[in-house]
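Here is the structure we will look at, set down as structure tokens.
The values are calculated or read from the model by the stated rules, or taken from the named source; none is laboratory data. It should be emphasised that the depicted structure is a prediction, and the values quoted were computed from it without experimental measurement. Quick reminder, even Gly has a Cβ in these numbers, built from the backbone with ideal geometry, and neighbours come from all protein chains shown.
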Amino acid sequence: MIDKATVDAIIEAAKIEDVVGEFVNLKRRGVNLIGLCPFHNEKTPSFTVSTTKNIAKCFGCGKGGTPVQFLMEHENLTFPEALRYLARKYNIEIQEKEFSVEERMAQQMQESLHLVNQYAVDFYRQQLFQTSEGKSVGLSYFKERGFNEQTIKKFDLGFAPTTPDAFTKSATKAGYQIDLLKKLGLTSQYDQDFFKERVMFTIHNLSGKPIAFAGRTLKKDKKVPKYINSPETDVYIKNKVLYGLCFAKQAIRKEEECILVEGYTDVISLSQAGVENVVASSGTSLTVGQIQLIKRYTQNIKIIYDGDTAGIKAALRGLDLVLEQDMNVKIVLLPDGEDPDSYIQKVGATQFRQYVQEEAKDFIFFKINLLLEDAANDPIKKSLLIKDIIETVSKIPDNIKRSVYVKQCSDLMEIEEVVLHSEVNRLLSKAHQKSKPQEATRTAVPAKLRREGQEASPATHEFQERDIVRLLITGGDAIFKKEKEVSTKNKTVAQFILDNIEDVIENFDDSLYKLVVKETRQRLKNGELVDGNFFLYHDNPAIRQLALDLTSSQYEISPGWEEREIFLNTQKMPDQNFTNDSEQGVKRFKLHKIMRMCAENQKRIQAEADTDKLMTLLKVQQKLLTIRNGLAKELNTVILD
């Protein structure tokens, strides 16, 4: 286990902009940073990073959190795994005790899939560099492809030996469960190795962890599949993974462009030559999940094809998805007989870059020119071509961009612009009609989603309770001190609030809010600090999410206020106004609880037949009304009886 001092050091060192910036392309907006949410598909950025609060939040889907919480959510990590990730990033040494056998097994179960995959990476690397078969077959193949040793190690390349159960025996001997080996597709149902006598390519997730493998045979036998791949697992979903993205993401952001190629070796060759903003779809058509991965870092994608015309036409059919995601797509056609790997080794990085830059064609115009060759003077074929192109144009979500394409397509295809616009509008209307049932379903969901197991009640005082909790989470550790007050006691906002609501804590309607208040009370009794980090890093995910929601704001005070020395005249700035806020919050909370008590007591008065009991209830009612009216006066609130 990681000791508390180390955990605190990691949390203190972790900067939200550094962590999120590895996965999301962020741009400055006011005092915050903003980018496209990595947790859901969106066209307008709503994922906001607050460097001052050290948190991130999407105001579309609500996900985000602290650096640790972001990593747990985005990379599907446990709390200890997220801490270790940050410790490596910030060069913080983790002191851990020696694990017992039981603790080791528990840790392996928790991190099982990643651990087994990492073991496989190490095994295949050892076979490549330290066995005679690996050196003569695998290493010689990689070196023939022009890969140096540094590149081979960077991409975790390896070799699976001929022996049918070499890996399985080694892994089980090291203590890894065979069920996990089978689940990851490393071992067959017959307890034999799945990958045998193949050079190995490791597939990584965004943070660089190995999640799957591809094995390439070096045999010439056409009956043997050239590549075999790991099956999909809990950590590997093929249509949401791009080969090489973990190594390319920084370069993609820097170049503001992603180069897409087909194969593993294409990525490796280009990266080794210095063209690092490159990824591969691994031989499959692009999926929405893969496109969204690229979109996190750039909206510009350049796809490189070899000279196989038939293959290009087949691939182009799937590229409408890219346009639907509002991406800017260009196509590069390499000279006949060349692929990215062979061409960059033939001409070098400088000439390769120049060729790609000069030969890049807009996707739609490339498609028009390619298909026009087939249509020639055949009017039927040409009409089908026009329909195909216009259907592609209709996928573009941006109205202005779509109109520009329609105008240029009109010139290229010699068709009146008004006709093309009419066809585009027809397709858009058709698509809109198809989407209507889904939209109806979405609008049928209540605007306010309640926590599981909690029912709505008209009698709840949700707003006042939430405001009390907001003050405890965002300003509980602030010093409670009135203007011009002389006091040596450093009472905190949390202490002030708890002192004033102690007798009504059990009257909280919202179970989550009540839990936060009770935990605050217990920490105060223990002499512990009550601050935002306690709640943001809480074990309970519901409390973590609540703290994130209350700490984050979609709006911000313009930095220009301070620059021009414009300040609030009647009160302090919001983040310095916890004393007044807590006083007002407690009064509002009490007022609404008293008003409820008045209403409940009034019902008892109306139902009471006994004279003595009725007199007692009337006296109670009078006392409650006096308290109610006093609070209302202090709050400048009008009470309507």
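Summary of computed values
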{"item": "Residue check, LEU245 modelled with pLDDT under 95 and touching a helix residue (DSSP H, G or I) at 6+ places or on another chain (Cβ under 6 Å)", "result": "no"}
{"item": "Qualifying residue in region 244-253 (condition: within 15 Å of TYR124 (Cα to Cα) and either touching a Gly at 6+ places or on another chain (Cβ under 9 Å) or surrounded by fewer than 19 Cβ atoms within 10 Å (Cβ to Cβ) (or both))", "result": "no"}
{"item": "Tally of residues being out of contact with any Asp or Glu (no Cβ under 8 Å at 6 or more places or on another chain) and of a type in the set (Val, Ile, Thr) across region 164-189", "result": "1"}
{"item": "Qualifying residue in region 186-196 (condition: closer than 23 Å to VAL24 by Cα and in contact with a strand residue (DSSP E or B) (Cβ under 9 Å, 6 or more places away or on another chain))", "result": "no"}
{"item": "LYS183 vs. criteria exposed (fewer than 14 other Cβ atoms within 10 Å of the Cβ) and at pLDDT below 95", "result": "no"}
{"item": "Index of the failed condition, GLN192 passing every other in (1) touching a Pro at 6+ places or on another chain (Cβ under 8 Å); (2) at positive phi; (3) surrounded by fewer than 19 Cβ atoms within 10 Å (Cβ to Cβ); (4) not aliphatic (A, V, I, L, M)", "result": "(2)"}
{"item": "Residues of region 121-167 satisfying the condition of being hydroxyl-bearing (Ser, Thr, Tyr) and outside any loop (DSSP other than H, G, I, E, B)", "result": "TYR124, SER132, SER136, SER140, TYR141, THR151"}
{"item": "Conditions (1) touching a helix residue (DSSP H, G or I) at 6+ places or on another chain (Cβ under 8 Å); (2) free of Cβ contacts under 8 Å to residues at least 60 places away in the same chain; (3) more than 17 Å from VAL329 (Cα to Cα): number failed by PHE352", "result": "(2)"}
{"item": "Strands (runs of 3 or more DSSP E) fully within region 178-261 counting 3 or more residues that are of a type outside the set (Lys, Arg) and in the same structural domain as GLY138 (by TED's automatic domain parsing)", "result": "198-204, 210-217, 227-229"}
{"item": "Matching residues, region 119-143, being of a type outside the set (Ser, Thr, Tyr) and touching a strand residue (DSSP E or B) at 6+ places or on another chain (Cβ under 6 Å)", "result": "VAL121, ARG125, GLN127, LEU128, GLY134, GLY138"}
{"item": "Pairs, first more than 17 Å from ARG88 (Cβ to Cβ) and crowded, with 16+ Cβ neighbours inside 10 Å in region 1-28, second among the acidic types (Asp, Glu) and at pLDDT 85 or above, C-beta under 8 Å, six or more apart", "result": "LEU26/GLU17"}
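Conditions tested, residue by residue: (1) in contact (Cβ under 8 Å) with a residue 24 or more places away in the chain; (2) under 22 Å from LYS154 (Cα atoms); (3) over 22 Å from the mean Cα position of the chain (by Cα).
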{"site": "PHE213", "(1), (2), (3)": "yes, yes, yes"}
{"site": "VAL224", "(1), (2), (3)": "no, no, yes"}
{"site": "ASN239", "(1), (2), (3)": "yes, no, no"}
{"site": "TYR243", "(1), (2), (3)": "yes, yes, no"}
{"site": "PHE247", "(1), (2), (3)": "yes, yes, no"}
{"site": "LYS254", "(1), (2), (3)": "no, yes, no"}
{"site": "CYS258", "(1), (2), (3)": "yes, yes, no"}
